[in-house]
Amino acid sequence: MSTVARSAGARTVAVPLRLRARIAIVAVTIVGIGAFVWPLLIGFGARGAPHSTDAPWIFLVLLPLLMVVVAAELADGGMDAKAVALLGVLAGMSAILRPVSGGVTGVQLMFFVLIPAGRVLGPGFGFVLGNLAMFASAAITGGGGPWLPFQMLAAGWIGLGAGLLPRARGRAELAMLAVYGLLAGVAYGFVLNLWFWPFGASGTGLTASVTFSPDASVAENLSRWLRFSVTTSLSFDIPRGLATAAAILALGRPMLLALRRAARKAAFDSPAEFDPPLI
Amino acid sequence: MKPRLVHPVAWWLWAIGMAAAAMRTRNLVLLALIVAVVCYVTLARRIDAPWARAFTLMWRLALLTVLFTVVLQIVLGIRYPGTVLLRLPGTTLPDWSGGIALGGDVTAEALLAALTNGLRLAAIIVCFGSANALAHPTRLLRVVPAALYELGVAAVVAITFVPQLAESTVRIRQAQRLRGRPITGLRGLRGLLVPVLEESLERAIALAASMDSRGYGRRGDVGRAFRALTGAAVLVGLIGACFGTYTVIDSAADRTVGVVALAGGTAVAAAGALIAGRRTQRTSLRKDPWGWPEWLTAGSGIAVAVAYRIAVPNDVNAGYELEWPHAPVSAVLLTVVGVLAGVLTPRPPLPGARATRSPERQLAGTG
């Protein structure tokens, strides 16, 4: 993508996505989808039974490594000091919004920073910010654990998606971001239920109709997973989605303006040129 | 013993060990003991630095967590049967909510459950606050592989930025109050959020300018063939990992092939990416030593975690009974092992004993 083409568009590309970085994101997405949805696909058929237990462990070990590959590829594509500083500051802000706005009830506003930032600063920036915000939040609040790579990946997808939303202005843009925030907030919870559902549901004393069964068909497991999500986490996911959407509607305008101003000031698109000394 | 800073990785390992022990138990006595040990070590070994304030901040966050969990349990929560302390007018939400009630009977068991959960979370938060306070963040950055250097910097900026964010929130709130502007409600929130955001973004741009002016992000040249080779390794590895994923999941395929493709592909891709990252030539002024104090620090934390895994019964999913928690003597003694990190390690150097003025230090101070 040439500099001219970039500056002609209204959007800023804070973290350029080279071909290799794109391939890495696509690949980690493909593996990530597998890591998330394996409970739906695995193990129908009796001979899969012993292996259905070690599949999650493989993903738990390998997903962080793949995240490292993607991070290295993104950084290799040219992440300048401005992108690094903005990433750090915005990730710190999202990280503090998570516990302060009460992660317990689900009314948490983490995506409120992520979505406008991805929108203004581009999909590459959104993806990295999602990863980094989850990581920083875990580093600060002690939320680190085997779930962290999954959270990082899901938040990265949300930031990436926000950067890929179609062009819109004014109220239409706010409305679009709010709807996206609502959907992302709910979907995040549902998707994160998936990978631990086979472990989680068995210990909670829930009725058998919602637990993972390695012998059931895909459709049966799908409906069980949906029932599990609706009975356990929907009361967290809906408030999260609604809170994100409401915050975007109420405070999104000044937020977008501030981010656009900062992006303009940082002038990501202008290449640094060094003239030879005159004398 | 010559005063020096213990390696940050050692402090993180120690803190993770203590946190892992706290995750393991729900015994109030043991949790209180873990918090006491962590506090003692932190107060004994922290230095006067911006990031050391993280500990106070985390303490506040931890207390808030306990309060929040208890209040939430009273207002809205799963109702435990037992000794009723308080009857609130309330209603049970429909079935889909999974047995959550609004108001209703508040039992002593429910309060105990909330208090225990809150304290456990608070203990974990205090452990990580301690790691943040004790570990020198920019020295920690030095152990990040070169390929992730940029993201490592961003993560350090994020973590050191949080206390500053709290400080600027308080300051802007005071300013708004002095001006007679509303500080509550939606308008108050907007009056707070927008200046905080603006100030943070300003700060980021200023930080970037100062990093640029110090030559941050300069890259060494690497050969074309080297780039092509590492790039090919990453691509082939990623394709292998994608193929392996679905072979692992697909019940009709041979899973061994899938596991090998997934693990091997990931390893090849990671190796390619990390080796390619060596393009950045970076030298460090001082190497951080890893000697016996580091082994002792990391070892004592890990020892506590391992001991809890073996000696303390996992009661995290047990019910809540109204009784005085009794802690086994062995578990108490095992927890005290964690104190060694604050007693036998060298003292930190006094402020001003050694003038450190590197760009990294500046970064930690202004990030």
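So the values come out like this:
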item: Test: residue in region A:120-137 that is at pLDDT below 80 and surrounded by fewer than 24 Cβ atoms within 10 Å (Cβ to Cβ); result: no
item: Any hit, region B:158-166, residues being under 16 Å from A:Lys82 (Cβ atoms), outside the structural domain of B:Ala270 (by TED's automatic domain parsing) and touching a residue at least 60 places away in the same chain (Cβ under 8 Å); result: yes
item: Any hit, region A:232-252, residues being of a type in the set (Asp, Glu), modelled with pLDDT under 80 and either part of a helix (DSSP H, G or I) or under 21 Å from A:Phe36 (Cβ atoms) (or both); result: yes
item: Within region B:2-34, tally of residues that are more than 19 Å from B:Lys287 (Cα to Cα), in contact with a Pro (Cβ under 8 Å, 6 or more places away or on another chain) and part of a loop (DSSP other than H, G, I, E, B); result: 1
item: Residues located in region B:199-255, provided they are among the acidic types (Asp, Glu), modelled with pLDDT under 80 and over 19 Å from A:Ala75 (Cα atoms); result: B:Asp250, B:Asp254
item: Total residues in region A:22-79, condition polar (S, T, N, Q) and at pLDDT below 80; result: 2
item: Scope region A:60-90; condition among the small types (Gly, Ala, Ser), out of contact with any Phe, Trp or Tyr (no Cβ under 8 Å at 6 or more places or on another chain) and more than 7 Å from chain B (Cβ to nearest Cβ); matching residues; result: A:Gly77, A:Gly78
item: From the options B:Arg177, B:Arg171, B:Arg139, residue that is assigned to a helix (DSSP H, G or I), in contact (Cβ under 8 Å) with a residue 12 or more places away in the chain, more than 14 Å from chain A (Cβ to nearest Cβ) and over 30 Å from B:Leu88 (Cβ atoms); result: B:Arg139
item: Test: residue in region B:55-72 that is farther than 27 Å from B:Asp288 by Cβ and modelled with pLDDT under 70; result: yes
item: Test: residue in region B:105-112 that is outside the structural domain of B:Pro348 (by TED's automatic domain parsing) and farther than 24 Å from B:Phe55 by Cβ; result: no
item: Condition met for B:Thr335 (modelled with pLDDT of 85 or more and under 25 Å from the mean Cα position of the chain (by Cα)); result: yes
item: From B:Leu235, B:Leu229, residue being in a helix (DSSP H, G or I), at the interface with chain A (Cβ under 10 Å from one of its Cβ atoms) and of a type in the set (A, V, I, L, M); result: B:Leu235
item: Criterion violated by B:Ala123 - all others in (1) within 14 Å of chain A (Cβ to nearest Cβ); (2) at pLDDT below 80 satisfied; result: (2)
item: Residues being more than 9 Å from chain A (Cβ to nearest Cβ) and not polar (S, T, N, Q) - total across region B:153-168; result: 2
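Listed here are the residues, each with its yes/no results for (1) touching a Leu at 6+ places or on another chain (Cβ under 7 Å); (2) within 22 Å of A:Val37 (Cβ to Cβ).
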site: B:Val234; (1), (2): no, no
site: B:Thr245; (1), (2): yes, yes
site: B:Arg255; (1), (2): no, yes
site: B:Ala271; (1), (2): no, no
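The values are calculated or read from the model by the stated rules, or taken from the named source; none is laboratory data. Values in this document were obtained by computation on a predicted structure and should not be read as measured data. When we count neighbours, we look across all protein chains shown, and the Cβ atoms used for this are built from the backbone with ideal geometry, even at glycine.
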